[in-house]
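Take a look at the following structure, please.
Read the figures in this text as sums done on the coordinates, not as results from a lab. The structure presented is a predicted model; accordingly, all values stated were derived computationally and were not measured. Here the Cβ is made from the backbone with ideal geometry for all residues, glycine too, and neighbour counts use every protein chain on show.
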Amino acid sequence: MISQIHAENGDRPRSRWAPTLIVAALTALPVVAPAQVSLSTVVELAQKNSSSVRLAKADVQKAQAQLAQARNAFVPSISFGSGLPAFPEIGFTGSLPTIWDSQVQSMVFSMPQIRYIQAARMGVQAARLSMKDAEEQVALDASTAYIELDTVDRELMAAHEQEQDAARLVAIEQQRAEAGVDSLSTLLQAQLTAAQLKLRRLHLETRYATLAEQIATLTGLPVSSITPQHSSIPEIPAISADESPRTIPAIESALAMAHSKEFAARGDNEHQWFMPEIDFGAQYNRNTELLNTIRNFFASPLPPDNFSSGFSIRVPLFNLGLHNKAKESAADALRARVEAEQAQHQNDIQIAELSSSLRELDAQAEVASLKQQIAQEQLKSVEAQLQLGNGAGNSPGAPPQPSPSIGQQARIDERQDYIDSLDASFDLSKARLGLMRALGHMQDWLDELRNK
């Protein structure tokens, strides 16, 4: 081809026909497959991009600010101001105009405030545990969606192979029907099989697109860049409910919140039982005689510099509002305690349900795997008979030689058993991940992803 181009161009320089060669070389290059994204990357991006995790982080920041606010009641606050007159004073006003003044105030002792600090500290712990629970839930959702996407991806490849086998089956039955070997109903049955396989393939494509969109929403990645990498999925360990449950972040968060409410209720209750509160205060002001004659009303001159300090002790005797506030806080603490117990009961029920379904799914996966192995062996037998015959020859009473349509149907059945085995394996993996989370072993799965 190069010599032909050279002959047509004569003595023209090579730069004239070099672009043609470049285009031809680029056209011959293989098509590059889209880049694959690993499961660990999907989980990491999902945790960073998740709105629930970001909301949980905001709750942690809010709880930390509330703790700092409760502690700062014992930190002195300093204020500065001025009381310069705007117009000349008339008569005795009783106030001392100041060039500037400053105040220092601080709480020295308050048992209820100490309870509020303890409540805020438990609130921070509850918020952190809630954020950890949100991260684990996002990791579970992302892992489940990714594993299902990988499963559907492999099922799609098998579905395309089924459609190719079904097309060959229709072509074979068409020829046999035209030759009068098989009936028209056999051809129609082959066409029905091809149509059903096409419908299943379309269903898988729809499911694949939905899962890719779901992962794109979780991670923030474009849909076109999401291609599963099967080798990045670690083996999910077989776990059972007999293993002792570890710390469940959601339950621990509920318990910490219950403790926080109880400390706050104790603080509100102590407010009404003669519990003294001690505050410290100091004040300095620089007086001025600008636009006023306040000195004329005093027997001795007023000093320009004034300073005072002291402790303020308050002992509550009767306050119906504090009494009702204490009852409200006690009710909130009781509700938080009941919610924590309810979360524990729900988790126990979930463990029992997952354990029961896990045994069934394990058995179903085993059955599906055995069916696939049997289908593979049957396919090998049919292919051998198609190539070598059944070994009985044409003697009287010998079974007929298998037709090519039987081989195509065996290939279709083997691929279907393979798809069923993939479905059963995914259901088992999903149940195992759910049980790991319910038993508090989700961190083990996250560590496995990081090490993969």
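Among DSSP beta bridges lying fully in the chain, give the percent that are antiparallel, nearest 5. Provide the component values of the computation, followed by the final result.
On the way: 26 of 27 bridges.
Counting DSSP beta bridges with both partners in the chain, the antiparallel share is about 95 percent.
Out of residues 5 or more away from ASN306 or on other chains, whose amide H comes under 5 Å of its own, with H placed 1.01 Å from N in the peptide plane?
ASN285, ASN287
Step through the table entries LYS57/LYS261; LYS132/LYS261; LYS62/LYS261; LYS48/LYS452; LYS48/LYS325, compare each Cα-Cα distance with 28 Å, and write down the pairs that go over it.
Numbers: LYS57/LYS261 21 Å; LYS132/LYS261 21 Å; LYS62/LYS261 16 Å; LYS48/LYS452 20 Å; LYS48/LYS325 40 Å.
Checking Cα-Cα distances, LYS48/LYS325 exceed 28 Å.
Also, quick follow-up: Just add up the charged neighbours of ASP420: K/R +1, D/E -1, any other residue whose Cβ is under 12 Å from the Cβ of ASP420. Numbers along the way, then the final one.
Working: positive: ARG200, LYS371, ARG415; negative: GLU155, ASP413, GLU414, ASP417, ASP423, ASP427.
Charge balance near ASP420 sits at -3.
Now a separate question. Would you mind pulling out the separation of the Cα centroids of the stretch 222-256 and the stretch 425-439, in Å?
Taking the Cα centre of each part, the stretch 222-256 and the stretch 425-439 sit 8 Å apart.
So how tilted is helix 320-388 from the main axis of the chain? Cα-based, degrees 0 to 90, rounded to 10.
10 degrees
Across 5 Å bins from the origin, how do the percents of Cα pairs in the stretch 77-178 run, short distances first?
Calculated over all Cα pairs of the stretch 77-178, the distribution is 2, 8, 6, 6, 6, 6, 6, 5, 6, 5, 5, 4, 4, 4, 4, 4, 3, 3, 3, 3, 2, 2, 1, 1, 0, 0 percent.
Using each residue's phi in the stretch 430-441, evaluate 6.51 cos²θ - 1.76 cosθ + 1.60 at θ = phi - 60° and report the 3J(HN,Hα) Karplus result to the nearest Hz, with x for Gly and Pro.
Karplus-based 3J(HN,Hα) across the stretch 430-441 equals 4, 5, 5, 5, x, 5, 4, 5, 5, 8, x, 9 Hz.
Next question, about the same structure. Sort ILE374, ILE172, ILE215 so the one with the fewest other Cβ atoms within 10 Å of its own Cβ comes first. Present the calculation step by step, with values, prior to reporting the outcome.
Values: ILE374 12, ILE172 20, ILE215 23.
Ascending number of Cβ neighbours within 10 Å: ILE374, ILE172, ILE215.
What is the Cα centroid distance between the stretch 154-189 and the stretch 197-221, reported in whole angstrom?
Their Cα centres are 28 Å away from one another.
In square nanometres, what is the average projected area of the Cα convex hull of the chain? Spell out each step's value before the answer.
Details: hull surface 198.3 nm².
Orientation-averaged projected area of the Cα hull: 49.6 nm².
Something else now. Apply 1/(1 + (r/R0)^6) to the Cβ-Cβ distance of GLU243 and ALA209, taking R0 = 25 Å, and write down the FRET efficiency to the nearest 0.05. Provide the component values of the computation, followed by the final result.
Values: r = 38 Å, r/R0 = 1.51.
The formula returns an efficiency of 0.10 here.
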